[in-house]
1. Looking at (1) within 19 Å of Arg5 (Cβ to Cβ); (2) surrounded by 14 or more Cβ atoms within 10 Å (Cβ to Cβ); (3) aliphatic (A, V, I, L, M), which is the one condition that is false for Val54?
2. Counting only residues that are more than 11 Å from the chain's Cα centre (by Cα) and in contact (Cβ under 8 Å) with a residue 12 or more places away in the chain, how many does the range 26-44 have?
3. I'd like the residue in the range 12-21 that is without any contact (Cβ under 8 Å) to a residue 24 or more places away in the chain and not in a loop (DSSP other than H, G, I, E, B) and, out of all such residues, is surrounded by the fewest Cβ atoms within 10 Å (Cβ to Cβ).
4. Return the residue satisfying two criteria in turn: it lies in the range 1-11 and is within 13 Å of the chain's Cα centre (by Cα) and among the basic types (Lys, Arg), and of such residues it is most open to solvent (accessible area, probe 1.4 Å).
5. Filter the range 22-49 down to the residues that are more than 13 Å from Leu12 (Cα to Cα) and among the aliphatic types (A, V, I, L, M), then identify the one that is surrounded by the most Cβ atoms within 10 Å (Cβ to Cβ).
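The values are calculated or read from the model by the stated rules, or taken from the named source; none is laboratory data. Everything quoted here is computed from the prediction, not taken from an experiment. Virtual Cβ from ideal backbone geometry, glycine too; neighbours counted across all protein chains shown. Quick note on the areas: whole protein, heavy atoms, side chains included, nothing else; ligands and nucleic acids left out. Shrake-Rupley method; radii C 1.70, N 1.55, O 1.52, S 1.80 Å.
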Amino acid sequence: MKRTRGMKLGRLAMLYYPERGYKRAVHLFREELCQTRGLREALQEVGYHDKMRVLNLRQIHVIEQYLGEP
């Protein structure tokens with residue numbers, strides 16, 4: 001997916017879990033970020049921390065490398 005700017009974590013979560021409600025999608029997405037082997041470390045290298053609500057392009061790109069495009 002071609003992006004030119006960052007995105008709110010909740011919006012990206014809804015792209016990965018469209019069948020879930022907003023809160024559940026965010027919860028599942030955050031779990032996925034923590035449990036996917038190597039993803040959390042790769043995100044931390046590009047400035048991610050657990051309380052972030054807005055992701056920059058580099059962070060989104062790292063997520064897509066590990067999880068695929070939504």
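1. (2)
2. Going through the range 26-44 one residue at a time, the tally reaches 3.
3. Among those residues, the one meeting the criterion is Met14.
4. Only one residue fits best here, namely Arg11.
5. Taking the candidates together, the pick is Leu43.
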